[in-house]
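Asks: Shown below is the structure under consideration.
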Amino acid sequence: NAGVMQNPRHLVRRRGQEARLRCSPVKGHSHVYWYRQLPEEGLKFMVYLQKENIIDESGMPKERFSAEFPKEGPSILRIQQVVRGDSAAYFCASSPPRVMLNEQFFGPGTRLTVL
Amino acid sequence: AQSVTQLDSHVSVSEGTPVLLRCNYSSSYSPSLFWYVQHPNKGLQLLLKYTSAATLVKGINGFEAEFKKSETSFHLTKPSAHMSDAAEYFCVVTGSYGNKLVFGAGTILRVKS
């Protein structure tokens with residue numbers, strides 16, 4: 001009965017490289033959310049996806065960031081041409097098809113460090 | 001828009017004494033409210049949730065919270081702190097469409113022996 005899985009747990013990139021963060025939701029969950037936690041701050045919503053659809057990307061930076069949740073496989077958060085300000089913990093959460101009580105189950109996060 | 005204010009960035013208590021972590025929210029409709037806990041370098045764990053049923057909500061590890069609409073508050077309490085409670089706590093409200101979560105800035109709880 002695995003929970004939300006994220007990999008890698010830690011990722012180091014140099015400025016200008018690409019970062020790919022993966023999230024496997026709880027089995028049977030079809031809703032995925034990505035949040036970013038900057039140092040000393042709370043989590044900020046980035047994007048909400050259902051299978052093959054982006055539902056709400058109002059928290060996603062307009063450039064360099066993209067997210068997908070394909071029919072098969074994990075959800076991917078992709079950051080192109082990373083900059084030092086992208087250093088943060090990125091958390092994925094999932095919820096079941098019928099969003100009961102708005103509860104989201106969080107993964108352990110990916111800590112991205114940009115050198 | 002929905003928002004959450006956690007009134008204390010740091011709280012320090014002695015082991016065995018009560019814990020109070022304060023949270024005020026702003027919402028244009030009846031919200032769902034949550035408290036999550038985050039231990040160092042770990043993910044978030046749900047402590048408890050309020051979804052318009054009983055106003056006094058009991059959670060895991062002896063924590064509870066009371067929803068007070070008149071005060072727009074959802075403070076987290078525990079009668080007796082344990083060393084293992086040392087962590088960061090987030091008060092959370094659902095967003096406009098009930099899907100995205102809006103987090104407070106967090107309260108770091110320190111428990112002294």
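The values are calculated or read from the model by the stated rules, or taken from the named source; none is laboratory data. Fair warning: this is a prediction, and the values are worked out from it, not measured in the lab. Glycine also receives a Cβ, built like all others from the backbone with ideal geometry; neighbour counts cover every protein chain displayed. Each accessible area value is taken on the protein alone, full model and side chains, heavy atoms only, with ligands, DNA and RNA left out. Shrake-Rupley method; radii C 1.70, N 1.55, O 1.52, S 1.80 Å.
Asks: Considering only DSSP beta bridges where both residues belong to chain B, give the percentage that are antiparallel (nearest 5).
Replies: 85
Asks: In terms of Cα to Cα distance under 17 Å, which lysines are near enough to B:K58, apart from those fewer than 8 places away along the same chain?
Replies: Straight-distance partners of B:K58: B:K49, B:K68, B:K78.
Asks: Here's another thing I want to ask about it. If one takes the accessible area of chain A alone plus chain B alone and subtracts that of the pair, with a 1.4 Å probe, what total in Å², rounded to the nearest 100, results?
Replies: About 1700 Å² of accessible surface is lost on pairing.
Asks: Could you sort the residues of the stretch A:74-99 by number and keep only those whose accessible area is reduced by 10 Å² or more in the all-protein-chain setting relative to the chain alone, 1.4 Å probe?
Replies: A:F91, A:V99
Asks: Turning to a different aspect of this structure: How large is Rg/Rh for the stretch B:17-83, to two decimals, with Cα atoms and a Kirkwood Rh?
Replies: 0.98
Asks: Here's another thing I want to ask about it. Enter the mean number of other protein chain beta carbons within 10 Å of the beta carbon of each residue in B:99-107, as an integer.
Replies: Going residue by residue through B:99-107 and averaging, the value is 6.
Asks: Using a 10 Å cut-off on Cβ to Cβ distances, tally the other chain neighbours for every residue of A:45-58 and report the average as a whole number.
Replies: 2
Asks: How much area per residue is accessible in the protein assembly as shown when the probe is 1.4 Å and only protein heavy atoms are counted (Å²)?
Replies: Per-residue accessible area for the protein assembly as shown comes out at 50 Å².
Asks: Next question. Only loop residues by DSSP count here, and only those with at most 12 other Cβ atoms within 10 Å; note down the GluC sites (Glu not before Pro) in the stretch A:63-95 that meet that.
Replies: Within the stretch A:63-95, the qualifying GluC sites (Glu not before Pro) (loop, at most 12 other Cβ atoms within 10 Å) are A:E63, A:E72.
Asks: Let me ask something else. How large is the Rg to Rh ratio of chain A when both quantities use alpha carbon positions and Rh follows Kirkwood?
Replies: 0.95
Asks: Let me ask something else about it. Assuming R0 = 35 Å, what is the FRET efficiency of B:K112 and A:S30, from their Cβ-Cβ distance, to the nearest 0.05?
Replies: Computed FRET efficiency for B:K112 and A:S30 comes out at 0.20.
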